[in-house]
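Below: one structure, written as structure tokens.
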Amino acid sequence: MKLIELNMTPAQIKRSVQLGWGGAALSAITTLLFTFIIWTVADTALITWAVASAAGTAALGYSVYRRSRTAAVILLALFLVSRVWSYLQTGSLGVPLLSIIFLYCFVEGVRGTFAHHRAVTLGAVTTSAGAV
């Protein structure tokens, strides 16, 4: 039994990749939104860290959009590390439903990018306009 199924149709690959980069975009936008909300009460280091984090997440999301397996894995790993770090600092996982949704999106991004490269290697998908 495979842990992650990579035998996907082009439509499934596209959907998985969209979930990956869409989750990253939503995460980056949300981070920026909350950063601007707390702009006047937070210290400069926190603001700088939040903006850099959002920019990094957005860049990784764009790379997932471009079908980068490495970016998808890094995005998933950073999310998992951030959840662990947050738990160690606060004793809370935050909003469990949001964590599950983002985890699902980032896992799908990994699945989609790996399935895309597998399909290209097998010749099932072309990389021209309109393809996966």
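What is region 1-118's relative contact order, in percent, from Cα pairs under 8 angstrom and six or more apart in sequence?
45
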So what's the net charge close to residue 103: Lys and Arg +1, Asp and Glu -1, counting the other residues with Cβ under 15 Å from its Cβ?
-> +1
Points 7 angstrom from Cα along the Cβ direction at residue 93 and residue 62: gap in nanometres?
-> 3.3
Any chance you could look up the accessible area of residue 41 with a 1.4 Å probe, heavy atoms only, rounded to 10 Å²?
-> 120
Is it possible to state the helix-based mean residue ellipticity at 222 nm for the chain, with each DSSP H run of 4+ residues giving -39500 (n - 2.57), the sum divided by total residues, to the nearest 500 deg cm²/dmol? What is it?
-> -26500 deg cm²/dmol
Label region 31-99 by shape, choosing from rounded, prolate and oblate, from the square roots a ≥ b ≥ c of the eigenvalues of the Cα gyration tensor; if a/c is under 1.5 it is rounded, and otherwise prolate applies when a/b is larger than b/c, oblate when it is not.
-> oblate
Percent carbon-and-sulfur accessible area, the chain, ignoring ligands, DNA and RNA, probe 1.4 Å | 69
Region 10-114 accessible area per residue, 1.4 Å probe, protein heavy atoms, integer Å², reads 62
Between region 82-111 and region 1-65, how many Å separate their Cα centres?
-> 12
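The values are calculated or read from the model by the stated rules, or taken from the named source; none is laboratory data. Nothing here was measured: the structure is a model prediction, and the numbers come from that model. Note: ideal-geometry Cβ built from the backbone for every residue, glycine included; neighbour counts use all protein chains shown. Each accessible area value is taken on the protein alone, full model and side chains, heavy atoms only, with ligands, DNA and RNA left out. Shrake-Rupley method; radii C 1.70, N 1.55, O 1.52, S 1.80 Å.
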